[in-house]
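What follows is a short report on a single structure.
The values are calculated or read from the model by the stated rules, or taken from the named source; none is laboratory data. Not measured: the values here are computed from a predicted model. Virtual Cβ from ideal backbone geometry, glycine too; neighbours counted across all protein chains shown.
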């Protein structure tokens, strides 16, 4: 009986420990090229990121190689990607669609946080020195594993200039 209680206690402790490492929000600072995991408003993890070659300014339309700015939701995860794991950002929202429509353009989409390209042979430290995405937020595969474990679908993300 003692062993059963002990095992039950340990399982509960492990489950609670996992919850402690979950982020309740994500912050991206484009000018610093950083992604932060937050818990109760406190940054507890920091990652270097790569963006698109035109990182300044809000994404206006498909193909502009910019990362959107504002508050979105990390709405689903996928391992079926051209990159090592991907977490989808809920861009475009209604304002983004209107903004693009006002200039006669499509807003674009498929904005993700993702790891390295699946086919790259370059070292991640070299790849991450440059802004190389089409508007996504890229991290190393090792960092992506940590972020993947800390994020549940529905987590808000704030992307700042």
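If you go through the stretch 74-85 and pick out every residue that is touching a residue at least 40 places away in the same chain (Cβ under 8 Å) and in contact with a strand residue (DSSP E or B) (Cβ under 6 Å, 6 or more places away or on another chain), you end up with 5. Regarding residue 124, is this residue surrounded by 12 or more Cβ atoms within 10 Å (Cβ to Cβ), out of contact with any strand residue (DSSP E or B) (no Cβ under 6 Å at 6 or more places or on another chain) and closer than 23 Å to residue 32 by Cβ? Taking the combined requirement at face value, the residue satisfies it. Residues that are in a helix (DSSP H, G or I) and touching a helix residue (DSSP H, G or I) at 6+ places or on another chain (Cβ under 8 Å) were ranked within the stretch 107-161; the one that is modelled with the lowest pLDDT is 124.
Before we move on, is residue 100 in contact with a helix residue (DSSP H, G or I) (Cβ under 7 Å, 6 or more places away or on another chain), in contact (Cβ under 8 Å) with a residue 12 or more places away in the chain and farther than 30 Å from residue 41 by Cβ? Taking the combined requirement at face value, the residue does not satisfy it. For the condition modelled with pLDDT of 95 or more and touching a strand residue (DSSP E or B) at 6+ places or on another chain (Cβ under 6 Å), residue 89 qualifies. Taking the conditions (1) crowded, with 17+ Cβ neighbours inside 10 Å; (2) more than 17 Å from residue 150 (Cα to Cα); (3) touching a strand residue (DSSP E or B) at 6+ places or on another chain (Cβ under 9 Å) in turn, residue 108 satisfies each one other than (3).
Restricting attention to the stretch 67-77 and to residues that are over 12 Å from the mean Cα position of the chain (by Cα) and either at pLDDT below 95 or assigned to a strand (DSSP E or B) (or both), the residue that is surrounded by the fewest Cβ atoms within 10 Å (Cβ to Cβ) turns out to be 71.
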